[in-house]
Amino acid sequence: MATLNEGLTIGDVLKAELETPRNYCREVCVLAQDEAAEDDLEIGQALETDTGQKIVLATGANADSILLEKVTAEDLAADDVSALCLVRGPAVVDGNNLTIANGEETDALAALKGLGILNSASPTYVV
């Protein structure tokens with residue numbers, strides 16, 4: 001029998017955000033077409049802006065958003081893709097569930113903090 005893997009959900013990445021006004025911290029962003037895309041972009045992928053469109057984060061200091069929905073490699077290869085992103089705080093994310101290029105974590109988390117997006121690997125709700 002095949003094993004299914006659901007992958008990350010928004011709740012795994014986004015631990016808290018300002019709820020009023022509705023969706024203040026989120027925007028629909030346009031991810032630039034990538035004809036060479038081989039891997040899907042998962043929830044929690046750190047992004048940066050290049051010529052007005054979002055791309056996968058290459059330089060940590062340029063981090064300016066976090067992908068909140070899965071985008072397939074097939075869709076990226078075909079055309080630009082609109083996707084929901086976390087673009088500002090106040091918000092708290094679980095940095096352990098973000099996808100950031102190796103070696104860029106510290107700079108990326110600092111750039112996101114500058115946008116009011118804080119990193120916490122601790123639960124935000126305790127019973």
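Where a number appears in this text, it was derived from the coordinates with a stated rule and is not lab data. As the structure is a computational prediction, the values presented were derived from the model and not from experiment. Don't worry about glycine lacking a Cβ; one is built from the backbone with ideal geometry, like all the others, and counts go over all protein chains shown.
Unpaired Cys in the chain, meaning no second Cys C-beta under 4.7 Å: Cys25.
The relative contact order of the chain comes to 30 percent, based on Cα pairs under 8 Å that sit 6 or more residues apart.
Only one of the values (i) 87, 28, 22; (ii) 34, 31, 27; (iii) 45, 43, 33 was calculated from this structure for Cα extents along the principal axes in Å; name its label. Matching the structure shown: (iii).
For Asp40, the residues whose amide H sits under 5 Å from its own are Ala73, ignoring neighbours fewer than 5 places away on the same chain, with H placed 1.01 Å from N. When you count the other C-beta atoms within 10 angstrom of each residue and take the mean per peptide, 15-21, 64-70 line up highest first as 64-70, 15-21. With helices as the sole contributors, the chain gives -4000 deg cm²/dmol at 222 nm; each DSSP H run of n ≥ 4 counts as -39500 (n - 2.57), and the sum is divided by every residue. For the pair Asp39 and Ala121 in one chain, pulling the backbone fully straight at 0.36 nm per residue adds 26.9 nm over the alpha carbon distance.
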